[in-house]
1. Using a 1.4 Å probe, how large is the accessible area of Ser103, given in Å² and rounded to the nearest 10?
2. Leaving ligands, DNA and RNA out of it, work out the accessible area of Thr31 with a 1.4 Å probe and give it in Å² to the nearest 10.
3. Residues in the range 2-24 near a label at Ser38, defined as backbone nitrogen under 14 Å from the 7 Å Cα→Cβ point?
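The values are calculated or read from the model by the stated rules, or taken from the named source; none is laboratory data. In this text, all values refer to a predicted model and were calculated from it rather than measured experimentally. Here Cβ is always computed from backbone atoms with ideal geometry, including for glycine, and neighbour counts include all displayed protein chains. Keep in mind that these areas ignore ligands, DNA and RNA; they rest on the heavy atoms of the full protein, side chains included. Shrake-Rupley method; radii C 1.70, N 1.55, O 1.52, S 1.80 Å.
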Amino acid sequence: DQAITTSTWTLVTWDTDVTDPAGVHDTSSNTGRFVMPSSGYTTMRLRAYIPWETINSGTGRAICVCLNSAGTRTTSNTVMELFYFSYFGNAGCYAETDDLVLSSGDYLEVFVFQDRGSNLALRGAAGNNGGRAFAVATLRP
């Protein structure tokens, strides 16, 4: 689980890779980045799903994907539309980019936002509300 401070765009970090044959993600350094490999690929598409903890009050939630953002979201590095959700109880945010033409070393990062008025947890473990947080990077030559 990762605590997300209220009213702050926060970089999502990922601590486990189920499979990563192209070496797109590193679980020990820059754990929020999905990096374009040095050879063999020209495009990347990123999909991410973020389940939140159960709450009993409404809150705005958002997710976005940024390019080469060094851990800071700005409008100039955002590569997809923001999707805002406002729910009671369980809710998840899903993002998917188009196929993006990237250079070797370019990277994508996922950011989330919530404005409940206090911290809110992303749920990463299986069996938590909404399932498990995940990201999938698809590469194409």
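1. Its accessible surface works out to 70 Å², give or take rounding.
2. Result for Thr31: roughly 30 Å² accessible.
3. Correct set: 23-24.
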